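J.: Below is one structure. I have some questions about it.
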């Protein structure tokens, strides 16, 4: 749980740097959200997309061509 330990340090520090005070309940909610969302974010960052060709002339108002 190394990431959780780091989150316990950087979440309060980040809030303090912006002058935001958070109580224990708010910090627990932020820690739970971090624990839930951070592993999939890391998986996306590790995803190798070098073999995927970019979509030509994408229309962002429509789903990707398939």
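The values are calculated or read from the model by the stated rules, or taken from the named source; none is laboratory data. Because the structure is a prediction, the values reported are computed rather than measured. Here Cβ is always computed from backbone atoms with ideal geometry, including for glycine, and neighbour counts include all displayed protein chains.
J.: Could you give every pair whose Cβ atoms fall below 7 Å, whose first residue belongs to the range 35-49 and is touching a residue at least 24 places away in the same chain (Cβ under 8 Å), and whose second residue is part of a helix (DSSP H, G or I), counting only separations of at least 6 or pairs across chains?
T.: 35/4; 38/3
J.: Taking the condition of being at pLDDT below 90 and under 10 Å from the mean Cα position of the chain (by Cα), how many residues in the range 28-60 meet it?
T.: 0
J.: I'd like the residue in the range 11-27 that is in a loop (DSSP other than H, G, I, E, B) and surrounded by fewer than 10 Cβ atoms within 10 Å (Cβ to Cβ) and, out of all such residues, is nearest to the chain's Cα centre (by Cα).
T.: 18
J.: Of everything in the range 28-55, what is in a loop (DSSP other than H, G, I, E, B) and either in contact with a helix residue (DSSP H, G or I) (Cβ under 9 Å, 6 or more places away or on another chain) or exposed (fewer than 10 other Cβ atoms within 10 Å of the Cβ) (or both)? Give them in sequence order.
T.: Scanning the range 28-55 gives 47, 48, 49, 50, 51, 52, 53, 54.
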